[in-house]
């Protein structure tokens, strides 16, 4: 189920979103930016719904910092109708902007519209199809993309790193995200997968880097 992180301290908004959309999405609620940061450090939601005014800061400032580290679509949901605020939100990376009071059905439609780009997503110069686990290198000089032959494990590792640009994952994190916590995988196996992925994406702008003693991350 798609995971939606709602960052809003208004209990009535939290309840409305959970009641109306809880059967469709996995709704996780954070009532402050600190709570949201702690959640994102150990989880990667598919999409974030963000209020502008939180007890510990402004949503738009949080958004700017978020987009420097992660590739998570963010929809602003706020009572602020000011065009200056809207401009600031979009400049900082918001993919949509909804003003309160809002219709939950409209929010669902806008989330669905953004999820289309997650399911068949283009990140940097790579096109991912999550349904069939295929990735292609987007060609700048041809109308035809080039398929990259990855194993299922390699695909999941590459997508994990690319979808969370600049975020460092240690071997244990990767194993947990790709295979789940119930599977025993030798951590050195991750090094072998990373080595193979690097060789297969040499023509891409995406680069897989390692930080000594920390783990792996993608950048471009």
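The values are calculated or read from the model by the stated rules, or taken from the named source; none is laboratory data. Being a predicted model, the structure only gives us computed values, none of them experimental. Cβ coordinates were reconstructed from backbone atoms using ideal geometry, including for glycine residues, and neighbour counts include every protein chain displayed.
Worth a mention:
- Condition met for residue 65 (crowded, with 18+ Cβ neighbours inside 10 Å and under 30 Å from residue 217 (Cα atoms)): no
- Residues (in a loop (DSSP other than H, G, I, E, B) and surrounded by 14 or more Cβ atoms within 10 Å (Cβ to Cβ)) located in region 52-62: 52
- Selection of region 19-39 for residues being loosely packed, with under 15 Cβ neighbours inside 10 Å and in a helix (DSSP H, G or I) yields 19, 34, 38.
- Only a single criterion out of (1) at pLDDT 90 or above; (2) farther than 30 Å from residue 20 by Cα is not satisfied by residue 160, namely (2).
- Test for residue 49: is it under 19 Å from residue 95 (Cβ atoms), touching a strand residue (DSSP E or B) at 6+ places or on another chain (Cβ under 9 Å), modelled with pLDDT under 95 and not in a loop (DSSP other than H, G, I, E, B): no
- Residues in region 38-54 that are over 17 Å from residue 2 (Cα atoms) and in contact with a helix residue (DSSP H, G or I) (Cβ under 8 Å, 6 or more places away or on another chain): 51, 52, 53, 54.
- Total residues in region 1-17 satisfying the condition of being under 15 Å from the mean Cα position of the chain (by Cα) and over 18 Å from residue 45 (Cα atoms): the figure is 0.
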